[in-house]
Amino acid sequence: MSMNTFGHLFRVTTWGESHGPALGATVDGCPPGVPLTEDMLQVWLNKRRPGQNKNTTQRQEADQVRILSGVFEGVTTGTPIQLMIENTDQRSKDYGEIAQTFRPGHADITYHQKYGLRDYRGGGRSSARETAARVAAGGVAREVIKSLAPDVQIIGYMTRMGDKVIDRSKFDWDSIGQNPFWIPQDEETAAVWEDYLTAIRKDKNSVGGEIEVVARGLPAGIGAPVYAKLDTDLAAAMMSINAVKGVEIGEGMAAARLKGTDNADEIFLGNDGKPVYSSNHAGGILGGISTGQDVVVRFAVKPTSSILTPRQSIRIDGSATEVVTKGRHDPCVGIRAVPVGEAMMACVVLDHILLHRGQVGGAVGETRGSIG
């Protein structure tokens, strides 16, 4: 099995390569009767689209999504939804020189070791271009969430780019979409980040990033114990994104430095009869089940491995060589990973909403003393 599918009830299979004629996703398990058009999906693909500014790859792709099946007269039919995005700006000749060479930091060598061959044109299936299909599928998930849980909002943003870290005391939700880095900070901070990345790019180098994705308004009770925990599936979804090397839920690795008195989120009964928490170190999930707080996931993206600075490697015949990766690449792939993280959050959240409905219907446990 090639394992190109994820999800339990809301299932997404992605297909296609970086330099093939097209790529896309097959979405199965979408409920019928949900309004869905190509324009609704295009909004999210435009967030991820390359070539929009100097801080990302200059590959010019419209990323225009087409719905080939599963939608009739503007609503979903309940049958598989086929999504296709054509590749229009491939430059396969940029990769001719590395056809027999393994690029350091790339999946070239492991694909060869597994399959005995590889598509060297931009990395083929291992290319981050594959994530466009995820964003399209995430757009479908968002529209279904609107119908089933309209209070849920999914928002992603960068929290770190190399040495640059956001100041959480100045966190501004409204600023996220107002700068090219999706950071919740003012214009001055964004300008500093841009100067920093420009210097790295001119130095023929790249830098990593950290992205945080929050699901706000998710009801309590979503998820499952043990093997289908909400945080288990979220961690797997985020880790499956190209170039991701670490995932945290809530406090994450920092929890190892805390005492129990600091980490445990104290619980009180609110005026509306619902639980309220003193903090959110758990990231909105306890025992694999949502608490009703913000669900917070954070993931780290490694520096782009395709750089113009020479690196040592070997050829398929085992001989030593020096590699300079030509082509058009992101100096920080973390920037365009933000909408990808949002898409994966949407897919997992919807999947678990459907699982919850299938197991317990609309029932949600009430706290004693509840007035609602």
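Assorted remarks:
- Residue in region 12-25 that is among the charged types (D, E, K, R) and modelled with pLDDT of 95 or more present: no
- Within region 183-218, restricting attention to residues that are out of contact with any strand residue (DSSP E or B) (no Cβ under 7 Å at 6 or more places or on another chain) and within 30 Å of Tyr277 (Cα to Cα), the residue that is surrounded by the fewest Cβ atoms within 10 Å (Cβ to Cβ) is Asp186.
- When the criteria are applied in full, Asp231 fails the requirement of being open to solvent by 50 Å² or more (accessible area, probe 1.4 Å) and not hydroxyl-bearing (Ser, Thr, Tyr).
- Scanning region 283-322 for residues that are touching a Phe, Trp or Tyr at 6+ places or on another chain (Cβ under 8 Å) and open to solvent by less than 30 Å² (accessible area, probe 1.4 Å) yields Thr291, Ser313.
- Selection count, region 110-129, where residues are open to solvent by less than 20 Å² (accessible area, probe 1.4 Å) and part of a helix (DSSP H, G or I): 2
- Taken as a whole, the structure places Gly358 among residues that are in a helix (DSSP H, G or I), closer than 14 Å to Gly221 by Cβ and at pLDDT 90 or above.
- Screening region 329-355 for residues that are modelled with pLDDT of 95 or more and touching a Lys or Arg at 6+ places or on another chain (Cβ under 7 Å) and picking the one that is surrounded by the fewest Cβ atoms within 10 Å (Cβ to Cβ) gives Pro339.
- Selection of strands (runs of 3 or more DSSP E) fully inside region 235-329 by the criterion of at least 2 residues being free of Cβ contacts under 8 Å to residues at least 24 places away in the same chain and over 23 Å from Arg160 (Cα atoms) returns 267-269, 275-277, 320-323.
- Of all residues in region 161-182 being under 18 Å from Arg201 (Cβ atoms) and free of Cβ contacts under 8 Å to residues at least 60 places away in the same chain, the one that is surrounded by the fewest Cβ atoms within 10 Å (Cβ to Cβ): Asp163
The values are calculated or read from the model by the stated rules, or taken from the named source; none is laboratory data. Bear in mind the structure is a predicted one, so any value in this text is a computation, not a measurement. For neighbour counting, all protein chains shown are included, and Cβ atoms are generated from backbone atoms with ideal geometry for every residue, glycine included. When the accessible area is computed, the model is the full protein with side chains, heavy atoms only, and any ligands, DNA or RNA have been set aside. Shrake-Rupley method; radii C 1.70, N 1.55, O 1.52, S 1.80 Å.
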